[in-house]
Structure formats: structure tokens, C-alpha cells
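The values are calculated or read from the model by the stated rules, or taken from the named source; none is laboratory data. Not measured: the values here are computed from a predicted model. Methodologically, a virtual Cβ is constructed for each residue, glycine included, from the backbone with ideal geometry; neighbour enumeration extends over all protein chains shown. The accessibility values were calculated without ligands, DNA or RNA, using every heavy atom of the protein model including side chains. Shrake-Rupley method; radii C 1.70, N 1.55, O 1.52, S 1.80 Å.
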Amino acid sequence: MANIKELASKGNFFSPGHRACAGCGGTIILRLLSAAAGENTVFVGATGCMEVVSTIYPYTSWKVPFMHNAFENSAATASGVESAYRALKKRGKINKDINIIAFGGDGGTYDIGLQSLSGAMERGHKLLYVCYDNGAYMNTGIQRSSATPFGASTTTSPAGKEIKGKMQHRKDLTEIMIAHNIPYVAQASIFYWNDFVEKVKKALNVDGPSFIDVLSPCPLGWGSEPSASVELSELAVSTHFWNVFECENGKYKINVKPKKEKPLEEFLFKQQRFKHLKNNPELVEELRRYLNEKYQNLLKKEECSNR
Amino acid sequence: MTKIVAKTGNEAMAEAMRQINPDVVAAYPITPATEIVQIFSSFVSNGEVDTLFVPTESEHSAISACVGAAAAGARVMTGTSSQGLALMHEVLFIAGGLRLPIVICEVNRALSSPINIHCDHSDTMASRDAGWIQIFSEDPQEAYDQTILAMKLSEQLFVPSMVTTDGFIISHAMQRVEIFDDNEVQEYLGEPKRPYNLLDVDNPITVGPLALQDYFMEIKVQQANFIKESRSKIKEILNDFNKKMKRDYSVVEKYMMDDAEFCFVALGSTAGTLRYTVDRLRKEGEKVGLLKVRFYRPFFEEDIVESLKNIKGCAIFDRSDMFAGTGGHLFNDVKSALYNSSSRPFLKDYVYGLGGRDIDVEDIESVYRDIKEFTENNGKGETVKYITVRE
Ligand SMILES: Cc1ncc(C[n+]2csc(CCOP(=O)(O)OP(=O)(O)O)c2C)c(N)n1
């Protein structure tokens, strides 16, 4: 297991000085991700907050090669980079071992980029795709995505008199990725930073595509205190809002099974996006029911797949 | 040593691709371009090329993968048509802006709706502002030669290129094609040249950043200036191609223009029918010529103005419409090129061949009569005419 001091001192490929908001989960994810991957890594990032805050010309936060193409195609672009890498290696023009990592927000991953991601995963390119999942299109001003949780208020699913925020549950992209039968799929949370770092290393070591979905607190979009991002990353797990698990060659493992489960409200009501639910307890119940069912299913999958 | 074979436009382009032997080809099928990548994938399967073939799930991903691969230092090609090129649209501009040497074998086909699989130029025209070189081919020979030339141009200029053929008319029509030796093509192209290399982890760079009000304009003006200046470089590269590969191409091709009073201007396969019609009309003593525009982007304004300087009446053949109430693309470009010229011919647009509608010698002869009359009337009346349309 990595030591946080070691990680902080040598793995600084995503430098400070970027323009992200205070308390941004996405930049913590990139910092850990680039540290875990090391210097021989090429990143491809989708349009979205992380690309915007890190590459304002003529500056860049990236000390490793970074490429941005468009919003919905970071997986396809990375599949091209990976193909070039293999082709040039075959021709003896490259001899280094290079990691290829694509990333995008949940909008660029669950919605507009889903086809491109699915295609790249199905084709079996050796690349890691990381989704920083803040549960909305934050860059354009907090619009709903298919990763926005049930009940959350966003600018295109605003909590109003009639409709109380987003009325659909989250798309389960991680399961969709597992259904691609790729060698490694995981969910992570920055509170469990060492788990995330280990997952990145594992993912980069498999011979084929891998996918990690990381919960990414967003103070602006969630209406939370900037100082609460890491705490929320813990609460999300101990309330089963977000499960930290992996699926390696079809075998599930829940990496964090909260010893003391906390009431969902503790996670929800630290965020303005859920505040209207205080007056709508039946909606909190519906969310709780859904999340519990997800967790129970996950426990069953873990049991069945390891039999 | 050249070899003479019979090939369709698609086969000729696939053959050029085989000889170019790119590092990466990423593509998605669409009629009438499907065959190009189909033939090419058999080259891959049989080990006749070293290329890594990426069969993407869409054209958007195909061109995205091409952009990624080209930025990573690979020699990259793809092929598409119509809806496929339209789906690539967003990324075409990115490839242009990132100055990536990518070559698309593009088979011209009408854009929907109505859906139609046959030739017109609406697809290629819709992407004319993307910062790509656009080369039209009259026949399989040109399609073959120009595919090889395009790779050279793109790698010399760091501007992506699309070489087009006319769907079915050229893509599926078999003609005599002179093929170079494999090593001649390799020698001509040399090692791939790249503007930068994303995979150089020892010299990390950031590609495709966000540039705002303070830098965006300078970056785009650089691109615009480069494209402007690239015209003389394209001529040099074309001359060099002619010398090394024993061809005789020019950016715009003049036929019987020296003493012509009237002329036709066209792109692509129709130039063949026009040339034939010019010969027929010449036999009847008519002073008519043909100007074939080989390079549509960049637009060789000066060469076109110069070619038309002694012309009285000029019939532009457009296989596309701008839906602006002002006719087709070529007409509008030629018209604006002539604006500052002291000797302007009367100009009339003949929109033809949409969705593969055939055009024959009689149709062209009636255009000739019409442009003569239009000229005699000092350009009075409609300046855009849709021809071969059922009443
Ligand atoms: C094709 C296209 N459609 C829309 C946009 C506008 N756009 C830019 S970023 C973005 C949202 C990004 O959301 P997400 O992927 O969740 O990342 P985040 O902003 O949260 O970092 C949108 C809609 C775009 N750039 N391209």
C-alpha cells in the first residue's frame, strides 16, 4: 500500500495552480490518479470542468502528456492513442511502456460519451477510463445527467412546487461496464484514497480495458461546504449512497463494508441539492429503498461470483 | 515501374492505402465508401499491411480515434461518406485546429433527407470550412494518385486532407489505373512527419487546451494565414509529385481555355462529360472550354480568376445547393473570387445531379445554349438554374 507522504512527494504530475473551486473532488481524483499511474502515462480528458480548469492556454497543470479532443469522445480518442502506441511499438519506433488513461465527468461518460466508451471497451483497447462522477453537468452550470441521484435539484431538474428535483434514479454505469466483460471495473471514493490508488494500479496492470467510477464531491453543484468534500466521500459510503467495490474478471469484491452504517439523511442534508427533501420524507424513503436494494444485490453478487 | 490494372474508385483508393501502409486506420462502414475499408481490412487480415485497424462503433469515434492516433505520432487514414462525414463534423474542425495530418477517403454522397445513397457534393461541401484540404477526383486514376498526394500534403503542411470521389459514378466504376510500385510510394512519402508527439513522455505536452479571449484569435489567425500561404506550397508539392511520379496535375485544370469565350466550371466526375461535350461543341466551331477545380479547399482564387479573365460567359456546375436562395457552393465561391477582378464574365449557376440524378451530353449542350443566351442578354434574369429536373 502506498504511503500518502510518498504519493504527495514524488507523484506530482498534476500540479497546483489550476482553476478548480475550493473543495473540488475532481482535482483530488486527478492528483491521486496521476500519482498512482506515474510518469510514463498519457491522459486524454473530455470537455468538462477538469479539462477546463487544468489547461487554460498558455498554462497547463499537466506534467505528463495530456490531450483534449471533445466532450463525448475521450474514450474513442484514447483508443486511437492506444492503437498508435501499439502500431509504433510494433514498428520499433517506441520502446517505453506507457499507460493510457482517459477520463471524463459523468456527463461525458454516462450520457453523451457512453457509445464511445462502450465501443472502446468492447474493442479491448488496453486503457483505463476514469469517470469523476459529480452527478451533474457542472461545467455548464449544474444540469442533470443520468448520474444525478434521485431527488437532487439541478438547474434542469429544479425542485419546484410540483416536481421535487430529479425523479429518476441514477443509471448504473458501473454495471453496464461490468456487462462488457472487461477484466477490471471498480467504484472508488477519495476518502479511501489508498483503495483508489491500488485500484488504479490494478487497472493499469490488466491486459485490456478497465474502468473506475469515482465519486467526486462538487461544493458548487452539491451545495456543500468546500471543507466537507472528504467527509461527504466517507458519508456517501457509510450510508450506502456510493458503494466502494470492484469486479475483477467477473468476481465482485466490496472493498469497504461500513462497520457502522449511518442514516442516509446525514449525507443528504449536508447538501443544498437535497434540502427540499426534508419536507418530502417519502422521497427520502424511495431513495433509501433503492440504495438498500442496490447494496443487497451487490452483497449477493459478491457471494455468488466468489462461490 | 508502373503497372496497369482495372480498378474501381474504391479499389483504387484501397490500393493507395495499402501502399501507404498507415500505422492506424479507424473507420465505420457507409455506402458507397464501405468497400474501401472492407478491402483494406482484408489487407490487414492477410498481413499485407502493418496497420492497426480500429473498427469503431461510429464515424464520430472513427475520426476521434484518428485524431488521437495522429497526435500520438501515427500515420492515420480513414474513409467515409455522407452521413458519416456529417457525423464526423464536430471533430473535423478539431483535427484542422490541431493541425493533424489525417487523410480521409471521402466518397461524395447526398446528405439526407430524403435519404439517398447516390452522389452529390452536399456532404463534402458541408465540411468545407473545417480547415481541411479538399481534393476532388474525376476518375479512379485521380482517386488513386491523389490519395497518395494527400498524405504527402498533409504531412508536409500539417493540414488534414480529404480526397473525394463521386459515389458510384467513380467509386464503383471500373477504369484503367496506373499503379506505382509499393516502394515508389514509400520512397515518395518517406517517414511520417508530425507536428508534435503526445507519446513522447520525456517531453510532455498538452494538446487541445482551452484558449479564451486572450489567445484564441491569434491561434485561429495563425491557422488562417497558414492555409492562405499553403496555396503556393501545395503547388510546389504538386509539381514535385508530377516530377517524381510522372503525372501532370495542376490545382485547377484548364481544357481548351486559351481562346475560349464561354466555359464550364465543375468538380469531380462530371468534368469528364464536360470535356467530351467541349470537344463536340468545338467541332461545331463553338469557342468553349472547361475549368476543372481539383482543389476546392484551399480555394485557388487567383488561378480561377486568371483562367476566367478572357471568358464572356461562364456556366458553373454545382452538385450541391447552399439552401440560401443563392445556388450552390462553387458558384458562390467563384462569384466572390471574381468580385475584385476587372474582367468578370457573366456567371450563371447550374445545379445538377443531386442525389445521383444523371447528367448527359444533351443536358450540357442545353446549358451551353443557355449561358450563351444569358451572356447575350448581359446577364439578365435568374442566375441560378436547376437542371435535369422533371416538370
Ligand atoms: C457536443 C457538446 N455538447 C455540449 C457541450 C457543452 N458542455 C461542455 S462541458 C458540459 C458538461 C460536462 O459535464 P460532465 O461531463 O458531467 O463534467 P463536469 O462539467 O461535471 O466536469 C457540456 C454540456 C459540448 N462541449 N459539446
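When you scan the range A:55-63, do you find a residue that is touching a residue at least 24 places away in the same chain (Cβ under 8 Å), open to solvent by less than 20 Å² (accessible area, probe 1.4 Å) and within 15 Å of the ligand (Cβ to nearest atom), even just one? Yes, there is a match, as at least one residue in the range A:55-63 is touching a residue at least 24 places away in the same chain (Cβ under 8 Å), open to solvent by less than 20 Å² (accessible area, probe 1.4 Å) and within 15 Å of the ligand (Cβ to nearest atom).
Checking each residue in the range B:85-142 for being within 16 Å of the ligand (Cβ to nearest atom) and more than 14 Å from chain A (Cβ to nearest Cβ) picks out only B:Ala86.
Taken over the range A:122-137, the residue count meeting the criterion of being within 11 Å of chain B (Cβ to nearest Cβ), under 17 Å from A:Ile212 (Cβ atoms) and either over 16 Å from the mean Cα position of the chain (by Cα) or near the ligand (Cβ under 8 Å from one of its atoms) (or both) is 1.
One residue alone among B:Phe226, B:Phe216, B:Phe241 is more than 23 Å from the chain's Cα centre (by Cα) and assigned by TED's automatic domain parsing to the domain that holds B:Ser154, and that residue is B:Phe216. Residues in the range B:74-85 that are closer than 16 Å to A:Glu82 by Cα and either surrounded by fewer than 24 Cβ atoms within 10 Å (Cβ to Cβ) or of a type in the set (Lys, Arg) (or both): B:Arg75 only. What's the number of the condition B:Val49 fails, among (1) under 20 Å from A:Arg91 (Cβ atoms); (2) in contact with a strand residue (DSSP E or B) (Cβ under 8 Å, 6 or more places away or on another chain)? All conditions pass for B:Val49, except number (2).
Being within 16 Å of the ligand (Cβ to nearest atom) and either touching a Gly at 6+ places or on another chain (Cβ under 8 Å) or open to solvent by 40 Å² or more (accessible area, probe 1.4 Å) (or both) is a property that A:Ala159 lacks.
What do you reckon, is A:Gly45 under 21 Å from the mean Cα position of the chain (by Cα), away from chain B (no Cβ under 12 Å) and either surrounded by fewer than 19 Cβ atoms within 10 Å (Cβ to Cβ) or within 16 Å of the ligand (Cβ to nearest atom) (or both)? Against the criterion (under 21 Å from the mean Cα position of the chain (by Cα), away from chain B (no Cβ under 12 Å) and either surrounded by fewer than 19 Cβ atoms within 10 Å (Cβ to Cβ) or within 16 Å of the ligand (Cβ to nearest atom) (or both)), A:Gly45 does not qualify. Within the range A:223-237, identify whether any single residue is without any contact (Cβ under 8 Å) to a residue 40 or more places away in the chain and buried (at least 20 other Cβ atoms within 10 Å of the Cβ), and answer yes or no. Within the range A:223-237, one or more residues are without any contact (Cβ under 8 Å) to a residue 40 or more places away in the chain and buried (at least 20 other Cβ atoms within 10 Å of the Cβ). Hey, can you tell me all the residues within the range B:28-44 that are within 12 Å of chain A (Cβ to nearest Cβ) and in contact with a Pro (Cβ under 8 Å, 6 or more places away or on another chain)? Within the range B:28-44, just B:Tyr28 meets the criteria. Looking across B:Ala16, B:Ala72, B:Ala27, one residue alone is more than 23 Å from the chain's Cα centre (by Cα) and modelled with pLDDT of 95 or more. It is B:Ala72. For beta carbons closer than 8 Å, sequence separation of 6+ or different chains, a first residue in the range B:208-219 that is facing another protein chain (nearest Cβ under 8 Å) and under 26 Å from B:Ala69 (Cα atoms) and a second that is part of a helix (DSSP H, G or I) and open to solvent by 60 Å² or more (accessible area, probe 1.4 Å), the qualifying pairs are B:Ala211/B:Ile219. For the range B:1-19, the condition of being within 14 Å of chain A (Cβ to nearest Cβ) and within 25 Å of A:Lys93 (Cα to Cα) holds for none of the residues. The condition of being more than 9 Å from every other protein chain (Cβ to nearest Cβ) and in contact with a strand residue (DSSP E or B) (Cβ under 9 Å, 6 or more places away or on another chain) holds for only one of A:Ala20, A:Ala37, that being A:Ala37. Pairing each residue of the range B:45-57 that is more than 11 Å from chain A (Cβ to nearest Cβ) with any residue that is outside any loop (DSSP other than H, G, I, E, B) and open to solvent by less than 70 Å² (accessible area, probe 1.4 Å), provided the two are 6+ apart or on different chains, yields C-beta distances under 8 Å for B:Glu48/B:Arg18. Flag not set for A:Gly208, criterion: surrounded by 17 or more Cβ atoms within 10 Å (Cβ to Cβ) and either within 13 Å of the ligand (Cβ to nearest atom) or more than 14 Å from every other protein chain (Cβ to nearest Cβ) (or both). Taken together, the residues in the range A:177-194 that are open to solvent by 30 Å² or more (accessible area, probe 1.4 Å) and either touching a Phe, Trp or Tyr at 6+ places or on another chain (Cβ under 8 Å) or over 30 Å from A:Glu282 (Cβ atoms) (or both) amount to 6. Taking first residues from the range B:264-287 that are within 16 Å of B:His121 (Cβ to Cβ) and partners that are in a helix (DSSP H, G or I) and not charged (D, E, K, R), the Cβ contacts under 6 Å between residues at least 6 apart in sequence or on separate chains come to B:Phe264/B:Leu274; B:Ala266/B:Leu274.
Taken over the range A:72-111, the residue count meeting the criterion of being facing another protein chain (nearest Cβ under 7 Å) and in a strand (DSSP E or B) is 0.
Given the criterion out of contact with any strand residue (DSSP E or B) (no Cβ under 6 Å at 6 or more places or on another chain), in contact (Cβ under 8 Å) with a residue 24 or more places away in the chain and more than 7 Å from every other protein chain (Cβ to nearest Cβ), identify the matching residue among A:Leu114, A:Leu30. Testing whether each residue is out of contact with any strand residue (DSSP E or B) (no Cβ under 6 Å at 6 or more places or on another chain), in contact (Cβ under 8 Å) with a residue 24 or more places away in the chain and more than 7 Å from every other protein chain (Cβ to nearest Cβ) leaves just A:Leu114.
Every test in (1) farther than 25 Å from A:Leu287 by Cα; (2) among the β-branched types (Val, Ile, Thr); (3) open to solvent by less than 10 Å² (accessible area, probe 1.4 Å); (4) within 11 Å of the ligand (Cβ to nearest atom) is passed by A:Thr140 save one, and that test is (3).
Can you tell me which residue among B:Gln175, B:Gln186 is within 14 Å of chain A (Cβ to nearest Cβ), in contact (Cβ under 8 Å) with a residue 40 or more places away in the chain, surrounded by fewer than 22 Cβ atoms within 10 Å (Cβ to Cβ) and more than 30 Å from A:Ser74 (Cβ to Cβ)? From the options B:Gln175, B:Gln186, the qualifying one is B:Gln186.
Every condition in (1) within 17 Å of A:Cys131 (Cβ to Cβ); (2) away from the ligand (no atom under 15 Å from the Cβ); (3) out of contact with any helix residue (DSSP H, G or I) (no Cβ under 8 Å at 6 or more places or on another chain) is met by A:Ile101 except one, and the failing one is (3). Name the residue, out of B:Asp200, B:Asp166, that is modelled with pLDDT of 95 or more, surrounded by fewer than 24 Cβ atoms within 10 Å (Cβ to Cβ) and of a type in the set (Asp, Glu). Criteria check complete, one pass: B:Asp200. A count restricted to the range A:21-42 and to residues that are open to solvent by 30 Å² or more (accessible area, probe 1.4 Å), among the aliphatic types (A, V, I, L, M) and either within 15 Å of the ligand (Cβ to nearest atom) or not in a loop (DSSP other than H, G, I, E, B) (or both) stands at 1. Among the residues of the range A:162-176, the one identified as on the phi < 0 side of the Ramachandran plot, open to solvent by less than 10 Å² (accessible area, probe 1.4 Å) and either near the ligand (Cβ under 10 Å from one of its atoms) or part of a loop (DSSP other than H, G, I, E, B) (or both) is A:Lys166.
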